[in-house]
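Quick notes on the structure that follows.
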Amino acid sequence: MRRIFSLIPAMLVVGCGALQLPGGQPNVDGTVVALAQQGAPRLQVGILSLGASTVVVRQTVRENFETYASIDGASITMQDGMMIATRGLGGDMLGSDISESLATVSSQKPGRVTRFHTFLDPENRAERRAYICDIAIRGPRDVPFGETQVATQLIAEDCASQDQTFLNLYWIDSSGKIVQSRQWAGDFAGVLTFRIVP
Amino acid sequence: MDAKGLLGDRMSVPATGRTGIFVAALAMATPAEAETLSFYGTPGLIDMPNAYVLNDGEIALTTAGFGDSLRNTFAFQITPRLQGVFRYSYIRGFNFGGRDLFDRSFDLSYQIARETATRPALAVGLRDFGGTGIYSSEYLVATKAVTPEIRVTGGLGWGRLAGRNSFSSPLAEISDRFATRPDVGAGGIQTTGQIDFGAWFRGDIAPFAGVSWAATDKLTFVAEYSSDIYAKEESRGLGRVASPLNFGVQYKFDNGVTVGGYSLYGRDVGVSLSYVLNPAKAPFPGGRGQAPRALSPRSEVVAASTGSLQRGLSAQGMTLENLEIRGDTARIHVVSSRFPATAQALGRAARVLANRVDPSVEIFEITFVSFGMPVSTVTLRRADLEELEFDVDSSWRTLARAQIEDAAPVDPGTRISGVYPGSDLSWGTFFTPSLFDPDNPFRFETGLKLTGFYAPRPGLILSGEARLPLYSTIDESTRVSNSILPKVRSDAVRYFESERARLTHLTAEMFTRPKKDVFGRVTVGYLEQMYGGISAEVLWYPVDSRLAVGAEVNYARQRDFDGGFGFQDYDVWTGHASAYYDFGNGFYGQLDAGRYLAGDWGATVTLDREFNNGVKVGAFFTLTDVPFEDFGEGSFDKGIRISFPVGWLTGQPSQRSVGQVIRPVLRDGGARLAVRNRLYDTTRGLRGAELADSWGLFWR
């Protein structure tokens, strides 16, 4: 054999493969399917960067934390309609302090607030980030809800830290509930969209 | 409606999505000194180095060839300024009789000064300081970006890099010993591998220079004036270089792979392929494994059966060995076999308990068990878990409130029935590479293996493995060991000769906790492929200590080449005193001093850099009382080791990793017994420092 065949080119191949998302086998969680069949509340979730969407089912409610699970094993936790945690999306949002955002958005008044998120970094450390956000009222919008339309107020929350910016949008119905939203889940997972499934 | 539809028709979305932010972050992370890699696989021009470095912790893999030479290089940025390199090169027809040369070389380089607005970056390098000396050279080099796109490099080279227009070194003014360079290869193969301290920066010097122009983010043009005249190659009849000028172009693809095409020395066409990866940046931060079940409200928790707890833990890759619920405290002992980071297993076990034990229980004591030894106990308050599950400071608050202690002796009365005796029998395939045989640098063996164990009680394990080789090229090796020492490792290849099934190990192991912070192991039987005997080890390792100290004594007898039950005549008492130290920032050192397999006395120094996600790159060397000339090729035992966790690549949690120890040559001096399950390796991941290092995974 004339060619050099050593560890190095082999590793090169492995290294390239690491850049692509390996196609994992979906691991279907039967308990989530059962919950959906029992009529547990559901959210339609879109992942903007993948152009994909799925439905998640509410699995646990503790205090005002609602955790929704997907059948392939990821979960998203909402606090009164705002996302505070993800598990299994990669670079997960471990925890949040969104109390100021929540109060201002709920009151449907413009204002400047601070929100905090902690993300899991690639070296398994929790990295806490703070964002200054401007909340603005965009005005009335009708959004589809099943067969009908729901009248909502669209509220925008424009956030920035030193090196990150994102825009969250909330459509709030007359009862003050967030029925549809677009929220940022961190650098890795990107922007997620949510809509309550009737 | 898909996600895009939801947003598309109702608003204009500013470009702040993932891509925009990601690109912005990348632009900030990339230093001004974007690396181009030379034919030697280190930051450089074409055949000449420059003064730049890789980002801290990065690994650069390069294959580059022109004319009669092909170089495969693994470069690792050990610290922000220090770089270590292993290279495996091939030169066609270099050896006597037109035989090809396969050569291993190590480099070190250090960036003395970083580039500033007014001052160039400055670096010094030692090339091939421990190999056969073909590439033996040193350099001092400066590089400056004169515009954001154009970088100019100038340097001075010694040794091989002082081939053209050389002049006498100013260092010779300081001392005569710098005036001439000793001929490093003069002792022939017997002296290769010695560190050539004596030759460094000696002899004449010569200038080299070059310029690179980044025409776009992806496309870079390079030109250089080389001071290397390939004198050694020319003297072996491989022709004369026609010109000192080299030109090239490199293109970097979006996936990070860079290819280059070059014109070298007015004579050859060259190509290069390189890839730089950052082990710290796992493709999936935190992995893509299943989410944990969130905590239910305490009021909804119903005390579950032991079986339900077992199932809950088993779904998280843990075996429940002991359970005791007394008063307000629940104590469990678990063996975790899925999550590579113990902190993640701990977080999962805590949530399983919180969702399944009686609401009156307030305290969880979770003990991790390894090979039957209770190693560490973490105490958590249930109310803290409930308070902190989604808290913005969940990680450090949980860590601050957790108590991590050495595990207390286990109460046998709390043992879960059915766990012991335990047993397993499984078969699989194996693949054993054999690298760097001078006749064929890559040989391998593959086949079927049968593995089994029986554990009658905690800490006592009878286990074995048999292998049936199906296809092997290792047994084609015709090299006969020329060692003048007892052939304790140099005829390792002979253990691959038999085509019949062979026993790789068959042992009884006993693991104990004789006292607080102390671990013990005794292994008896066929310890490894080449030796059988008895091995006893003790390790002192306080739970929150950076330092661990151990000792091991073995009696070993060499096994028959056929892998059967028989033994040969050679036997030896061997053993080491060992110190292990966690320097912090991911650096781990190990010192083993004692008697090696050939009866030689000495010490092994090992230094690893380990990323929290489990990627490990390390190097080691052993010096013993065997004289370099008796040791043979390589002069002393040394090598590097690389290990990647499988989960780093797949995103799925797994304790498996793929790795390789790369030794230039395996000889008989400084050889250690390969006993399985040494205590430091089996306990470190469960001790305090490791738990804390990956604590971000507790709530993942």
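The values are calculated or read from the model by the stated rules, or taken from the named source; none is laboratory data. Just so it is clear, the structure is predicted and the values come from calculations on it, not from any experiment. Quick reminder, even Gly has a Cβ in these numbers, built from the backbone with ideal geometry, and neighbours come from all protein chains shown. Ligands, DNA and RNA are stripped out before the accessible areas are found, and what is left, the full protein with its side chains, is counted by its heavy atoms. Shrake-Rupley method; radii C 1.70, N 1.55, O 1.52, S 1.80 Å.
Taking each of B:K144/B:K218; B:K515/B:K616; A:K109/A:K177 in turn, the alpha-carbon distance tops 22 angstrom for B:K515/B:K616.
Restricting the stretch B:515-594 to trypsin sites (Lys or Arg not before Pro) that sit in a DSSP loop and have at most 14 other Cβ atoms within 10 Å of their own Cβ leaves B:K515, B:K516, B:R546.
For the stretch B:298-418, taking Cα atoms only, Rg and Dmax work out to 13.5, 42 Å respectively. When the P(r) of the stretch A:26-197 is calculated, the portion above 28 Å amounts to 20% of the C-alpha pairs.
Sparsely packed loop sites in the stretch B:238-314 (the trypsin sites (Lys or Arg not before Pro) outside DSSP H, G, I, E and B with at most 16 other Cβ atoms within 10 Å) comprise B:R240, B:R267. Give me the percent of Cα-Cα pairs in chain B that sit more than 43 Å apart, rounded to a whole number. Result: 36 percent of Cα pairs exceed 43 Å. Label sites at B:T473 and B:A209, each approximated as a point 7 angstrom past Cα along Cα to Cβ, lie 4.7 nm apart. What is the angle, in °, between the Cα long axis of helix B:342-356 and the longest principal axis of the Cα atoms in chain B? Nearest 10 is fine, range 0 to 90. Once rounded, one gets 20 degrees. How much FRET efficiency would the formula 1/(1 + (r/R0)^6) give for B:I150 and B:L448, where r is the Cβ-Cβ distance and R0 is 51 Å, rounded to 0.05? Efficiency for this residue pair is about 0.30.
Legend: residues in the stretch A:93-108 shielded by at least 40 square angstrom of accessible surface upon adding the remaining protein chains to the isolated chain (1.4 Å probe, heavy atoms) are A:L94. Rounded to whole Å, give me the distance from the Cα center of the stretch A:86-107 to that of the stretch B:42-112. Result: 48 Å between the Cα centres. In summary, the convex hull built on the alpha carbon positions of the stretch B:32-277 has an orientation-averaged projected area of 12.7 nm².
A 31 angstrom limit on the alpha carbon distance is what I want to check against. Which of B:K449/B:K487; B:K252/B:K638; B:K516/B:K638 exceed it? Over 31 Å Cα-Cα: B:K252/B:K638; B:K516/B:K638.
Derived scalar couplings between HN and Hα for the stretch B:672-685 equal 9, 5, 9, 6, 7, 6, 5, 5, 4, 5, 7, 10, 4, x Hz in order, rounded to whole Hz, by the Karplus curve 6.51 cos²θ - 1.76 cosθ + 1.60 (θ = phi - 60°), x for Gly and Pro. Stokes-Einstein at 10 °C, 1.306 mPa s, Kirkwood radius from Cα pairs: D for the stretch B:598-693 in µm² s⁻¹? D = 103 µm²/s. Here the accessible area is traced with a 1.4 Å probe on the protein chains. For the protein assembly as shown, carbon and sulfur cover 57 percent of it.
The C-alpha atoms of chain B define a longest principal axis, and helix B:18-29 lies at about 50 degrees to it. Toward the positive end of the charge dipole of the protein assembly as shown, with +1 on the Cβ of Lys and Arg and -1 on the Cβ of Asp and Glu, the farthest Cα among A:F188, A:S175, B:T574 is that of A:S175. Accessible area buried by the pairing of A and B, both sides summed with a 1.4 Å probe, works out to roughly 6600 Å². Qualifying chymotrypsin sites (Phe, Trp or Tyr not before Pro) in the stretch B:228-265, where qualification requires a DSSP coil assignment and no more than 16 other C-beta atoms within 10 Å, comprise B:F253. Per the Cα gyration tensor, the protein assembly as shown maps to an equivalent ellipsoid with semi-axes of 52, 40, 22 Å, ordered largest to smallest. Accessible surface computed residue by residue for the protein assembly as shown, with neighbouring protein chains in place and a 1.4 Å probe, gives 42 Å² per residue. Derived scalar couplings between HN and Hα for the stretch B:283-288 equal x, 10, x, x, x, 10 Hz in order, rounded to whole Hz, by the Karplus curve 6.51 cos²θ - 1.76 cosθ + 1.60 (θ = phi - 60°), x for Gly and Pro.
Interface burial in the stretch B:379-426 reaches 50 Å² or more for B:F390, B:V392, comparing the full protein assembly with the chain by itself; accessible area from heavy atoms with a 1.4 Å probe. Radius of gyration over Kirkwood radius for the stretch B:583-638, both on Cα atoms: the Rg/Rh ratio is 1.10. Hull volume per residue, based on the alpha-carbon atoms of the stretch B:235-348 and their convex hull, is 209 Å³.
Residues whose amide H lies under 5 Å from that of B:L623, counting only those 5 or more places away or on a different chain, are B:A603, B:V605; hydrogens are built 1.01 Å from N in the peptide plane.
Applied to the stretch B:133-139, the Karplus parametrisation 6.51 cos²θ - 1.76 cosθ + 1.60 on θ = phi - 60° returns per-residue 3J(HN,Hα) values of x, 4, 9, 3, 6, 10, 8 Hz, with x for Gly and Pro. Amide H to amide H, with H built 1.01 Å from N, A:V197 comes under 5 Å of A:R42, A:L43, A:Q44, counting only residues 5 or more places away or on other chains.
For chain A, the relative contact order is 16 percent, taking Cα pairs closer than 8 Å that sit 6 or more residues apart in sequence and dividing their mean separation by the residue count.
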